[in-house]
Amino acid sequence: MAEPTEVCIPDIGDFENVEIIEVLVKPDDRIQAEDSLITLESDKASMEVPSPIAGVVKEIKVKVGDKVSQGDLILLAAVDEPDTIAKERTESPAQPTAAAPAPATHKESAERAAATHQPAGSDADCDVLVIGAGPGGYSAAFRAADLGLKTLLVERYPDLGGICLNVGCIPSKALLHAAKIIEEAAFFSANGIDFGSPQLDLKKLTRWKQQVVDRLTGGLKGLAKQRKVNVIQGSARFLDNHRVEVDSAQGKRTLAFRNCIIAAGSRPAAPPGFDLSHPLIMDSTDALKLETIPSRLLVIGGGIIGLELATVYHALGSEITVVELLDRLMAEADPNIVKPLRRIIDKRYQIHLSTKVTEVQPAEREITVHLQGDKAPETASFDRVLVATGRHPNSDCLNLEATDVQLNEQRCISVDEQMRTNVANIFAIGDIVGQPMLAHKATHEGKVAAEVCAGEKSAFDARVIPAVAYTDPEVAWVGVTEEQAKAQGLDYQVGSFPWAANGRSLTLGRDEGLTKLIFDTKTERLIGGALVGPNAGDLIAEVALAIEMGADYHDIGLTIHPHPTLSETVGMAAEAAAGTLTDLYIPKRRR
């Protein structure tokens, strides 16, 4: 009789001394290859360890609570002999053939779908090739792998997560939290708790920010290994509709794919005349490096990115000037939602609206800027300039000319509701398909594309996509704005609730907030909403869900919200529309 075979912890990435939280087998259990044996849990992720062999468990060598690393013994097993395996396969009933995927919703998509599963040839390297490992890209790759597709993920940077996790959403929110702590400490210095002036250590702050990023990107690396997603670091360029060339540190290689999902993202855009390579001119990526805190910072662009970074740099000690070409800040949101933010930042920044930067003259230590606007100075000098005037899709970085993929007028890739381009086996998601350029939109699009590649009936049909500015206070909105409702001639009703009447808001020392909900007058259903105030970005999720579920103001108002919380303002805004609010006195209007 053969000696039992040792089954050990395989390569689990960078994880060491990971705790076992569940043992899934016991002695005498019959196991097949890939059956889960134990579950591990670290501070980054939980994972199941699969069996590399088929056989019978003889002895368990671990227990719940043990901490293990690569190479540690899990169990001893008697491995099945080849004739045993062959016998089991012969005796097993035949598996039914999977049903063909349901047809797409319209003829054109159906014709494309018919071609999707036609292989590029027997030499195809993968079922799905994903280009770009941002939130949309890694979500697409992981979903494709979960659906049984052989998946390759090409990423030009060393770590997964793309712009968002590495040099965008996550590091900016870490620094915005630091800014919030500074502002809250300043508030309490006048209200009984004095911490003294903050002492800034940029190296420590930057190190903490990077630790946050590394924890998330390290978790993604582990998730990719668990799913057997092959990650290739390098830049991809198309050779035709079925092949790409990847340029990596190991040289150039050609990869053939059956399906490709383009998730190559976007990059900061700069107006003509701005040299982003100049050391005194920053884009958002440069600003998050936090190399120095300029005494005088000019922010060009009064949108979400510009105002978020202005929040950070003001808290860290910079004098901020904001220049915006339009006649208001954050123009996508209703003016009365932005107004509470304006009341606060008007005291902190110099703001010039309807103003254009006509010329930039960099010198060794400062930049002279020429401005054109009614109330703006003709010239002004700054230590650094931050350009935050939008983003440009990376469609020009992929050699798409070698394919038949079509772009629209904005140089974004055109796709249908299945995220399919005009080329049957090429999909595109995220920033590269156009506005809104948001990570949470890309994530959902990525899953849709992967599911369609696997033959599932899937489409991107979100009713609404929320937007959030993590300024101080935060501003968030979703669905139809009041300005849009007026422009579209909708018959609508507004329910609002001021945070000055909310107990939780007052305990935070903040009374400037506002919650505003917009309802269809005839159906009484919610069609849009917005909030301004602390944590507005978290609260907007309830509003988005209510719109998706077709909730009316009674549904929202009769939902019991915990007290005292900021979330109560959503329920009370709905009650204001329904005429049942008791926390404020609102005289009845004649209809």
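Listed by chain and number, the lysines whose alpha-carbon sits under 22 Å from that of K204, ignoring those within fewer than 8 places in the same chain, are K173, K180, K289. For every helix of n ≥ 4 consecutive DSSP H residues, a contribution of -39,500 (n - 2.57) applies; sum these over the chain, divide by its total residues, and give [θ] at 222 nm rounded to the nearest 500 deg cm²/dmol. Helices in the chain give a 222 nm mean residue ellipticity of -8500 deg cm²/dmol.
If you take the Cα centroid of segment 183-238 and the Cα centroid of segment 2-54, the two points sit 31 Å apart. Each residue of segment 167-175 was assigned a 3J(HN,Hα) from its phi angle through the Karplus expression (A = 6.51, B = -1.76, C = 1.60, θ = phi - 60°), giving 9, x, 3, 6, x, 5, 6, 4, 6 Hz with x at Gly and Pro. Coupling constants for segment 574-584 follow from the phi torsions by the Karplus curve (6.51 cos²θ - 1.76 cosθ + 1.60, θ = phi - 60°), and in residue order they are 5, 5, 4, 5, 7, x, 10, 6, 10, 7, 9 Hz; glycine and proline get x.
For Q418, the amide hydrogen comes within under 5 Å of the amide hydrogens of F460, counting only partners 5 or more places away or on other chains and with H modelled in the peptide plane.
Spin-label pair R30-E3: with each label point 7 Å from Cα along the Cα-Cβ axis, the two points sit 2.7 nm from one another. Each of the peptides 438-451, 403-416, 128-141 was scored by the mean count of other Cβ atoms within 10 Å over its residues; in descending order, highest first, they stand as 128-141, 438-451, 403-416. Of all DSSP-defined beta bridges confined to segment 269-389, some 40% are antiparallel rather than parallel.
Scoring 267-280, 309-322 by mean Cβ neighbours within 10 Å over their residues and listing the highest first yields 309-322, 267-280. Pairs from the list K356/K441; K150/K252; K347/K486; K150/K441 with a Cα-Cα gap above 28 Å: K356/K441; K347/K486. Rounded to the nearest Hz, the phi-derived 3J(HN,Hα) couplings of segment 432-440 under the Karplus curve 6.51 cos²θ - 1.76 cosθ + 1.60 (θ = phi - 60°) are 6, 9, x, 5, x, 8, 10, 4, 5, where x marks glycine and proline. Peptide packing for 194-202, 209-217 was compared via the average number of neighbouring C-beta atoms within 10 Å per residue; ordered from the highest value, the list is 209-217, 194-202. When a 1.4 Å probe is rolled over the protein heavy atoms, the share of accessible surface on the chain that falls to carbon and sulfur comes to 50 percent.
Taking the chain as a whole, the Cys residues whose C-beta sits 4.7 Å or farther from every other Cys C-beta are C8, C126, C260, C397, C412, C453.
Pull up the DSSP beta bridges for the chain and report the antiparallel fraction as a percent, rounded to 5. About 70 percent, rounded to the nearest 5. Three semi-axes describe the equivalent ellipsoid of the chain; taken as square roots of 5 times the Cα gyration tensor eigenvalues and ordered largest first, they are 47, 30, 28 Å. Scanning residues 5 or more positions from I351 or on other chains, those with amide H under 5 Å from its amide H are V322, with H placed 1.01 Å from N in the peptide plane.
Comparing Cα centroids, segment 338-385 and segment 471-538 end up 30 angstrom apart. For the chain, averaging the sequence separation of C-alpha pairs within contact (under 8 Å, six or more residues apart) and dividing by the residue count gives a relative contact order of 12 percent.
Amide H to amide H distances under 5 Å link I527 with I518, F519, D520, where only residues 5 or more positions off or on other chains count and H is placed in the peptide plane. When the chain is described by a simple charge dipole with +1 on each Lys and Arg Cβ and -1 on each Asp and Glu Cβ, the residue from G251, G550, Y585 located farthest towards its positive end is Y585. In plain terms, the chain from D146 to E548 could stretch by 142.1 nm, reckoned as 0.36 nm per residue minus the Cα-Cα distance. FRET efficiency for the T521 to Q199 pair, using the beta carbon distance and R₀ = 60 Å, is estimated at 0.60. Counting lysine pairs in segment 5-79 whose alpha carbons fall under 17 angstrom apart, excluding pairs fewer than 8 residues apart on the same chain, gives 4.
The values are calculated or read from the model by the stated rules, or taken from the named source; none is laboratory data. Being a predicted model, the structure only gives us computed values, none of them experimental. So basically every Cβ, Gly included, is an ideal-geometry build from the backbone, and we count neighbours across all protein chains shown. Remember, those area values only see protein heavy atoms, side chains included, never the ligands or the DNA or RNA. Shrake-Rupley method; radii C 1.70, N 1.55, O 1.52, S 1.80 Å.
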